1. Answer yes or no as to whether residue 94 is at pLDDT 90 or above, exposed (fewer than 15 other Cβ atoms within 10 Å of the Cβ), of a type outside the set (Gly, Ala, Ser) and assigned to a strand (DSSP E or B).
2. Of (1) of a type in the set (Ser, Thr, Tyr); (2) surrounded by fewer than 18 Cβ atoms within 10 Å (Cβ to Cβ); (3) at pLDDT 80 or above, residue 61 satisfies all except one. Which?
3. Any idea which residue in the stretch 97-116 is nearest to residue 47 (Cα to Cα), counting only those that are part of a strand (DSSP E or B) and small (Gly, Ala, Ser)?
4. Looking at the stretch 47-60, can you tell me whether even one residue there is out of contact with any Leu (no Cβ under 8 Å at 6 or more places or on another chain), β-branched (Val, Ile, Thr) and either under 23 Å from residue 19 (Cβ atoms) or in contact (Cβ under 8 Å) with a residue 12 or more places away in the chain (or both)?
5. Of the conditions (1) hydrophobic (A, V, I, L, M, F, W, C); (2) in contact with a Gly (Cβ under 7 Å, 6 or more places away or on another chain); (3) at pLDDT below 90, residue 114 clears all except one; give me its number.
6. Does the stretch 69-89 include one or more residues that are surrounded by 17 or more Cβ atoms within 10 Å (Cβ to Cβ) and at pLDDT below 90?
7. Sort through 107, 48 and tell me the only one that's within 20 Å of residue 28 (Cα to Cα) and either loosely packed, with under 14 Cβ neighbours inside 10 Å or in contact with a Lys or Arg (Cβ under 6 Å, 6 or more places away or on another chain) (or both).
Amino acid sequence: MLKGLRERLHTSLDDLDCARLQDRFACLSITPIADAPMRQPIVVGGEIKRVLIAPHNGMATLEIVVGDGTGTVTAVFSGRRHIAGLDHGRAVVLEGVAHDVKGKRVILNPAYTLLP
């Protein structure tokens, strides 16, 4: 018991957060973000780390960055400025096809499921 406490005290916050996220999403039948293939249908999940409204080709887009402790994926919703429930810290499952955009894993207009 004491050994586990010592390890936690000497572990960085980022490492602890990654471990927490991996434990939280391990029970779902989803692919870890780091293992998700490109250009194939995937189902990934994680917590929303960042929400951004950005113009893209003259149209507003809502971008959310989702992390599961193994990696991150950016979901882009075209023509949207806000989607109810997609807020920072919320757990979500995304379904779509991932593409590589400037070294980032991006899913355009994914289907999503909000988790409690």
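The values are calculated or read from the model by the stated rules, or taken from the named source; none is laboratory data. In this text the structure is predicted, and so the values were computed from the model without any measurement. Glycine gets a Cβ as well: all are built from the backbone with ideal geometry, and neighbour counts include every protein chain shown.
1. Answer is no for this residue.
2. (2)
3. Top of the filtered list is 111.
4. Looking through the stretch 47-60, none of the residues is out of contact with any Leu (no Cβ under 8 Å at 6 or more places or on another chain), β-branched (Val, Ile, Thr) and either under 23 Å from residue 19 (Cβ atoms) or in contact (Cβ under 8 Å) with a residue 12 or more places away in the chain (or both).
5. Going through the list (1) hydrophobic (A, V, I, L, M, F, W, C); (2) in contact with a Gly (Cβ under 7 Å, 6 or more places away or on another chain); (3) at pLDDT below 90, residue 114 breaks only (3).
6. Checked the stretch 69-89: at least one residue is surrounded by 17 or more Cβ atoms within 10 Å (Cβ to Cβ) and at pLDDT below 90.
7. The unique qualifying residue is 48.
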